[in-house]
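Participant: Below is one structure. I have some questions about it.
The values are calculated or read from the model by the stated rules, or taken from the named source; none is laboratory data. Not measured: the values here are computed from a predicted model. Neighbour counts run over all protein chains shown; Cβ positions are idealised from the backbone, glycine included. Surface areas here come from the heavy atoms of the whole protein model, side chains and all, with no ligands, DNA or RNA. Shrake-Rupley method; radii C 1.70, N 1.55, O 1.52, S 1.80 Å.
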Amino acid sequence: MDFDFSDEQYKFQETTRGLLDKNYDLDRLRKLLVGDGLDRELWDRLAENGTFSLLVPEEHGGMGLGFVDLSLVLEEYGRALVPAPVGETLTATDAIVRFGTDEQKQRLLPLIAEGKLKIVPAIAEAEAGYDPTDIAVTAVPSGNGWSISGRKVLVPHAATADFIMLAARFSEDGPLGLALIEPDRAGVSLREHSTLDPSSRFHELDLDSVAVVRDDIVGGEPTDASVTRLLDAGGVIAATMMTGISGKVLDTSVEYAKQRTQFGKQIGSFQAIKHRCADMAVAIDASRSAAYYAAWALAEEAPDRARAVSMAKSYCGDTSRFVCNEGVQIHGGMGFTWELGLHFYLRRAKVLEYSYGDAAYHRERVLAETIDELGIGMN
Amino acid sequence: MDFTYSAKDAAFRDELRAWLAANLPAGWGETVFGPEDEDENAMFRLDWEGKLYAGGWNGIAWPVKYGGRGASLVEQAIFAEEMARARAPEGLNIIGRNLVATTLLHHGSEEQRQRYLPKIISGEEVWCQGFSEPNAGSDLASIRCRAVREGDHFVINGQKIWTSFAQYAQWCILLARTDTDLPKHQGISFLLVDMSTPGISIRPLRQISGESEFNETFFDNVKVPVANLVGDLNGGWKIAMTTLAYERGPEDALGRQIHFKQELDALIETAATLKRGKGTAIDDPTVRQKLAKSVVEIEVMRLNCLRAFSKALKGKPRGPEASMNKLYWSHVTQNMYETALEALGPLAPLDGGDPLSPGEGRFQLSFLRSKAFTIYSGSSEIQRNIIAERVLGLPK
Ligand SMILES: Cc1cc2nc3c(=O)[nH]c(=O)nc-3n(C[C@H](O)[C@H](O)[C@H](O)COP(=O)(O)OP(=O)(O)OC[C@H]3O[C@@H](n4cnc5c(N)ncnc54)[C@H](O)[C@@H]3O)c2cc1C
């Protein structure tokens, strides 16, 4: 047993942090609030750094690594608030690696590995909760394929994506499945949402009899398992990114507490402030335990995958909420300004908190799994 | 990172499971529990510890040289899981095993290790910890209990308080002031004291829970051989910090986690059978949310320990991070017992004295006991100071 990372994994984290610190700061994020919101140069740098080839098997031009190798760099992406659909593309990559047909893998994975494809999952619906059984967008048989109508919401970076990985039900009462469609396919229309986190570029996706053939469906046939896996992978990525955000907010708060003086003293010498920082540090450290373990469970398809993922998503979500709120408080009036930019972390953490299932949804899943494991009959 | 088990690990698990099945009383954890009387319970726990030792299952992580089996991290993790699953009782000599032994391994002489460690692991000699005094709690370095050298022994005079298990202990690790002129941290020595030495008396203190696990301990001209000094004269503070690092660290917490996991499983089972209106307590979505929160937090407690161990195995030094561990588990477990009472709902006030009490009052007792978690081994406020100042670098 080893619950630590290897030297190479730590090194990868270090180079990623270096790259992001040097090339990407909040000023650059601010500039992306206008235009299409995609930082192409940063995307290319991340691709050069191996981000997108990591999960791709060697036979398809990738490094053939897994989620554990991603954990520490995902934290860095969270910490830096990377704007592009990085986590989304990684989530979709995993689905293709695990469920894609040989043809899909050969066609898509080499391009993904080179950073040439941006793929974003479309899951949420305006009238659905977090349970995948709520998904109402339905594909009905049509000709030798399917026709999909309905509406998805909160699809990040949909306008700049090459593919949307759409979660839909295939026939009423049929299984769920994932379909890859281009944002400009006939019948697809996009509308950009106004949201809490303008840097995430969420879109509404309207589908009006969009034609889908077998080759568009991840794996050729729809399977519930492909959707659950996508949700679990997305959940772990969000949890890990939230942990990165929390780490950054703590560091910023500690720095501020050392430098700001009131009553002739650094505010960090007041216990009301230092004890908050200590509690934040403890919660972040525990978040790491939860997120890293979930990455392992996901990578290994461990029997407790569902529980591990839900533990991480709920715990890291609660932590980022706590840490971002305290971070603003520790900065006083400065924390409340647009100018300082602390709110960008709060905003991103918030949208991650409500993506792929919120903490309450995941806690319910943890309990259901636990009751199952304890063998308690439900009455 | 790797959580997989080898064939050797699986064999270890099977061996332990078989041993537990053969050695726990029949019906253990289902219909048979430890004795209710405090002293009988303590003796039962001591007896169990002896049994564990005889089977080769006490202090498994200890070096083979001192009676352990040099268990690997994965074996320690399996041990914790299996003890939780079997609802195995806790041993009594926690201070001996987790604090005294680890401290002697770092700072004791080889002679001291040879003398004391085997009897700790066998459960023959129980230890207590004489650190706190009435006027030296959080500010431990201000202790006044005096040790004055006279020939080949020290003479001890003073008082300790909150000494857990002193009534069962044969030995005590004692912090005493050996120099009153030096700055307060520099005049302290670390001594090993035989509790049967004339001049020692103890008075039990009644706790929140009605139990009397801790005591006042008085030293009146108690003679302690110079050979029982650990490390250097006046060098005791540094040694005490090692003791505290282990008291707050992952070894201690992983052992405790076993117990909390058992309690949580029992709580979920109780909530699933406790009638409430048309269903059971566990049908209540508010209760479900809180139970789930505890499931997550108690599991993360285990993961935190495994991460800390993995780092330690790679030689990363033990530092103030232990305070993060302690602060984490003490609060999440207190929350768990609050949740336990909430799950019992209207029946929450019925304690073990009442026949209608769900779970025979174990949750009320545990709830009361849990109030200590954020006080002993350094209060939460002290842990937060340590984390803020020594981990985060905030000013004093
Ligand atoms: C069940 C139990 C078992 C124990 N067993 C043992 C044992 O076996 N051996 C032993 O030696 N001791 C033992 N202790 C003692 C324990 O270590 C002390 O109680 C603890 O260190 C706190 O000291 P105190 O009780 O004097 O409280 P105080 O130090 O008086 O603290 C009172 C309050 O003030 C706060 N406070 C103090 N200083 C600061 C500060 N600088 N900043 C902010 N807040 C502060 C504390 O956090 C606390 O809330 C035990 C205690 C308990 C409850």
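Participant: Taking the stretch A:270-280 as the search range and keeping residues that are more than 12 Å from the ligand (Cβ to nearest atom) and not charged (D, E, K, R), which one is most open to solvent (accessible area, probe 1.4 Å)? Can you show your working first?
Facilitator: To start, the set of residues in the stretch A:270-280 that are more than 12 Å from the ligand (Cβ to nearest atom) comprises A:273, A:276-277, A:279-280.
If we keep only those that are not charged (D, E, K, R) as well, we get A:273, A:277, A:280.
On the way: A:273: 27, A:277: 0, A:280: 0 Å².
For the stretch A:270-280, the residue satisfying everything is A:273.
Participant: A follow-up question, please. Restricting attention to the stretch A:42-76, which residues are free of Cβ contacts under 8 Å to residues at least 12 places away in the same chain and part of a helix (DSSP H, G or I)? I'd like the intermediate steps shown before the answer.
Facilitator: Kept after step one, since they are free of Cβ contacts under 8 Å to residues at least 12 places away in the same chain, are these residues of the stretch A:42-76: A:58-59, A:64-65.
Within the stretch A:42-76, A:58, A:59 qualify.
Participant: Another question, if that's okay. So how many residues does the stretch A:142-173 have that are polar (S, T, N, Q) and more than 20 Å from residue A:127 (Cβ to Cβ)? Steps first, please.
Facilitator: Residues of the stretch A:142-173 that are polar (S, T, N, Q), as a first pass: A:142, A:144, A:147, A:149, A:160, A:171.
Going one step further and asking which of them are more than 20 Å from residue A:127 (Cβ to Cβ), we end up with A:142, A:144, A:147, A:160.
Summing the residues that are polar (S, T, N, Q) and more than 20 Å from residue A:127 (Cβ to Cβ) in the stretch A:142-173 gives 4.
Participant: Only one of these is at pLDDT 95 or above and closer than 28 Å to residue B:366 by Cα: B:188, B:202. Name it.
Facilitator: B:202
Participant: Another question, if that's okay. Could you list all residues from the stretch A:254-273 that are free of Cβ contacts under 8 Å to residues at least 24 places away in the same chain and at the interface with chain B (Cβ under 9 Å from one of its Cβ atoms)?
Facilitator: A:254, A:258, A:265, A:266, A:268, A:269, A:271
Participant: Ok, one more. Does residue A:354 count as within 22 Å of residue B:288 (Cβ to Cβ), more than 14 Å from chain B (Cβ to nearest Cβ) and surrounded by fewer than 24 Cβ atoms within 10 Å (Cβ to Cβ)?
Facilitator: The answer is yes for residue A:354.
Participant: Can you list residue pairs whose Cβ atoms sit under 9 Å apart, with the first residue in the stretch A:165-179 being at pLDDT below 95 and the second being not hydroxyl-bearing (Ser, Thr, Tyr)? Count only pairs 6 or more apart in sequence or on different chains.
Facilitator: A:172/A:140
Participant: When you check residue B:138 against the structure, is it within 12 Å of the ligand (Cβ to nearest atom), within 14 Å of chain A (Cβ to nearest Cβ) and either touching a residue at least 12 places away in the same chain (Cβ under 8 Å) or of a type outside the set (Ser, Thr, Tyr) (or both), yes or no?
Facilitator: Values: within 12 Å of the ligand (Cβ to nearest atom): yes; within 14 Å of chain A (Cβ to nearest Cβ): yes; either touching a residue at least 12 places away in the same chain (Cβ under 8 Å) or of a type outside the set (Ser, Thr, Tyr) (or both): yes.
Taking the combined requirement at face value, the residue satisfies it.
Participant: Ok, one more. With respect to the numbered conditions (1) within 16 Å of the ligand (Cβ to nearest atom); (2) modelled with pLDDT of 95 or more, which one is the sole condition not fulfilled by residue B:322?
Facilitator: Result: residue B:322 passes all but (2).
Participant: Quick check: anything in the stretch B:326-345 within 16 Å of the ligand (Cβ to nearest atom), over 26 Å from residue B:32 (Cα atoms) and among the basic types (Lys, Arg)?
Facilitator: Yes, because at least one residue in the stretch B:326-345 is within 16 Å of the ligand (Cβ to nearest atom), over 26 Å from residue B:32 (Cα atoms) and among the basic types (Lys, Arg).
Participant: When you scan the stretch B:207-262, how many residues do you find that are in a helix (DSSP H, G or I), away from the ligand (no atom under 16 Å from the Cβ), more than 30 Å from residue B:287 (Cα to Cα) and open to solvent by 30 Å² or more (accessible area, probe 1.4 Å)?
Facilitator: Looking only at that region, the number is 4.
Participant: Which residues, taken from the stretch B:143-171, are part of a strand (DSSP E or B) and under 17 Å from residue B:377 (Cβ atoms)? Reasoning before the result, please.
Facilitator: The first filter runs over the stretch B:143-171 and keeps only residues part of a strand (DSSP E or B), leaving B:146-150, B:153-164, B:171.
Those that are part of a strand (DSSP E or B) and under 17 Å from residue B:377 (Cβ atoms): B:160, B:161, B:162, B:163, B:164.
Participant: Select from the stretch B:367-381 the residues that are within 14 Å of chain A (Cβ to nearest Cβ) and open to solvent by 50 Å² or more (accessible area, probe 1.4 Å) and list them in ascending order.
Facilitator: If the condition is that a residue be within 14 Å of chain A (Cβ to nearest Cβ) and open to solvent by 50 Å² or more (accessible area, probe 1.4 Å), then B:381 is the only one that fits.
Participant: Consider residue A:295 carefully, then state whether it is surrounded by fewer than 19 Cβ atoms within 10 Å (Cβ to Cβ) and either among the small types (Gly, Ala, Ser) or within 11 Å of chain B (Cβ to nearest Cβ) (or both). Spell out how you get there, then give the answer.
Facilitator: Numbers: surrounded by fewer than 19 Cβ atoms within 10 Å (Cβ to Cβ): no; either among the small types (Gly, Ala, Ser) or within 11 Å of chain B (Cβ to nearest Cβ) (or both): yes.
So residue A:295 does not fit the description; no.
Participant: Another question, then. Which residues, counting only those in the stretch B:351-386, are part of a loop (DSSP other than H, G, I, E, B) and near the ligand (Cβ under 10 Å from one of its atoms)? Walk me through it before giving the result.
Facilitator: Start the filter on the stretch B:351-386 by keeping residues that are part of a loop (DSSP other than H, G, I, E, B), which leaves B:351-357, B:371-379.
Listed by number, the residues that qualify are B:371, B:372, B:373, B:374, B:375, B:376, B:377, B:378, B:379.
Quick grid of which residues meet (1) within 22 Å of the chain's Cα centre (by Cα); (2) at the interface with chain A (Cβ under 7 Å from one of its Cβ atoms); (3) outside any helix (DSSP H, G or I); (4) surrounded by fewer than 19 Cβ atoms within 10 Å (Cβ to Cβ):
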residue	(1), (2), (3), (4)
B:264	yes, no, no, no
B:271	no, no, no, no
B:289	no, yes, no, yes
B:297	yes, no, no, no
B:300	yes, yes, no, no
B:304	yes, yes, no, no
B:316	no, no, yes, yes
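Participant: Search the stretch B:360-388 for residues that are farther than 21 Å from residue B:318 by Cα and pair each with any residue that is assigned to a helix (DSSP H, G or I) and within 10 Å of the ligand (Cβ to nearest atom) when their beta-carbon atoms are under 8 Å apart and the residues are at least 6 apart or on different chains.
Facilitator: So the pair list comes out as B:374/B:380.
Participant: Can you find a residue in the stretch B:112-126 that is within 13 Å of the ligand (Cβ to nearest atom) and farther than 25 Å from residue B:381 by Cβ? Before the answer, list the steps.
Facilitator: Pass one, the stretch B:112-126, residues within 13 Å of the ligand (Cβ to nearest atom): B:126.
Filter once more, so that each one left must be farther than 25 Å from residue B:381 by Cβ: B:126.
Within the stretch B:112-126, one or more residues are within 13 Å of the ligand (Cβ to nearest atom) and farther than 25 Å from residue B:381 by Cβ.
Participant: Do we have residue B:88 as away from the ligand (no atom under 16 Å from the Cβ) and within 14 Å of chain A (Cβ to nearest Cβ) here? Quick ask: steps written out before the conclusion?
Facilitator: Numbers: away from the ligand (no atom under 16 Å from the Cβ): yes; within 14 Å of chain A (Cβ to nearest Cβ): no.
No: the conditions fail for residue B:88.
Participant: Then there's this: Taking into account only those residues within the stretch B:148-164 that are more than 16 Å from the ligand (Cβ to nearest atom) and open to solvent by less than 50 Å² (accessible area, probe 1.4 Å), which is farthest from residue B:67 (Cα to Cα)? Explain how you work it out, then say what you get.
Facilitator: Taking the stretch B:148-164 first, the residues more than 16 Å from the ligand (Cβ to nearest atom) are B:148-155, B:157.
Right, trim to open to solvent by less than 50 Å² (accessible area, probe 1.4 Å) and you get B:153-155.
Numbers: B:153: 30, B:154: 31, B:155: 33 Å.
Residue satisfying both the conditions and the ranking: B:155.
Participant: Pull up the stretch B:328-366, narrow it to residues that are of a type in the set (A, V, I, L, M) and touching a Gly at 6+ places or on another chain (Cβ under 9 Å), then point me to the one that is surrounded by the fewest Cβ atoms within 10 Å (Cβ to Cβ). Even if it seems obvious, please write down each step before you answer.
Facilitator: Of the stretch B:328-366, the ones of a type in the set (A, V, I, L, M) are B:332, B:336, B:340-341, B:343-344, B:347-348, B:350, B:356, B:365.
Going one step further and asking which of them are touching a Gly at 6+ places or on another chain (Cβ under 9 Å), we end up with B:340, B:344, B:350, B:365.
Values: B:340: 27, B:344: 24, B:350: 15, B:365: 18.
For the stretch B:328-366, the residue satisfying everything is B:350.
A quick yes/no check of all residues on (1) within 14 Å of residue A:363 (Cα to Cα); (2) in contact with a Phe, Trp or Tyr (Cβ under 9 Å, 6 or more places away or on another chain); (3) surrounded by fewer than 24 Cβ atoms within 10 Å (Cβ to Cβ):
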{"site": "A:322", "(1), (2), (3)": "no, no, yes"}
{"site": "A:331", "(1), (2), (3)": "no, yes, yes"}
{"site": "A:334", "(1), (2), (3)": "no, yes, yes"}
{"site": "A:344", "(1), (2), (3)": "no, no, yes"}
{"site": "A:349", "(1), (2), (3)": "no, no, no"}
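Participant: Being open to solvent by 40 Å² or more (accessible area, probe 1.4 Å), part of a loop (DSSP other than H, G, I, E, B) and closer than 21 Å to residue B:77 by Cβ is the filter here, so list the residues in the stretch B:11-63 that pass it.
Facilitator: Hits for the stretch B:11-63 are B:61, B:63.
Participant: Would you mention how many residues in the stretch A:1-29 are in contact (Cβ under 8 Å) with a residue 60 or more places away in the chain and open to solvent by less than 60 Å² (accessible area, probe 1.4 Å)?
Facilitator: Let us first name the residues in the stretch A:1-29 that are in contact (Cβ under 8 Å) with a residue 60 or more places away in the chain, namely A:3, A:5, A:9-10, A:12-13, A:16-17, A:20, A:26, A:29.
Checking which are open to solvent by less than 60 Å² (accessible area, probe 1.4 Å) leaves us with A:3, A:5, A:9, A:12-13, A:16, A:20, A:26, A:29.
So the answer is 9.
Participant: Now a separate question. Among the numbered conditions (1) farther than 24 Å from residue B:80 by Cα; (2) surrounded by fewer than 19 Cβ atoms within 10 Å (Cβ to Cβ); (3) away from the ligand (no atom under 15 Å from the Cβ), tell me where residue B:389 comes up short.
Facilitator: For residue B:389, the exception is condition (3).
Participant: State all residues of the stretch A:108-160 that are within 19 Å of the chain's Cα centre (by Cα) and part of a strand (DSSP E or B); if no residue qualifies, say none.
Facilitator: Residues satisfying the conditions are A:119, A:120, A:121, A:122, A:152, A:153, A:154, A:155, A:156.
Participant: Identify, please: which residue in the stretch A:106-127 is free of Cβ contacts under 8 Å to residues at least 60 places away in the same chain and within 10 Å of residue A:152 (Cα to Cα) and is, among those, least open to solvent (accessible area, probe 1.4 Å)?
Facilitator: Within the stretch A:106-127, the match that is least open to solvent (accessible area, probe 1.4 Å) is A:125.
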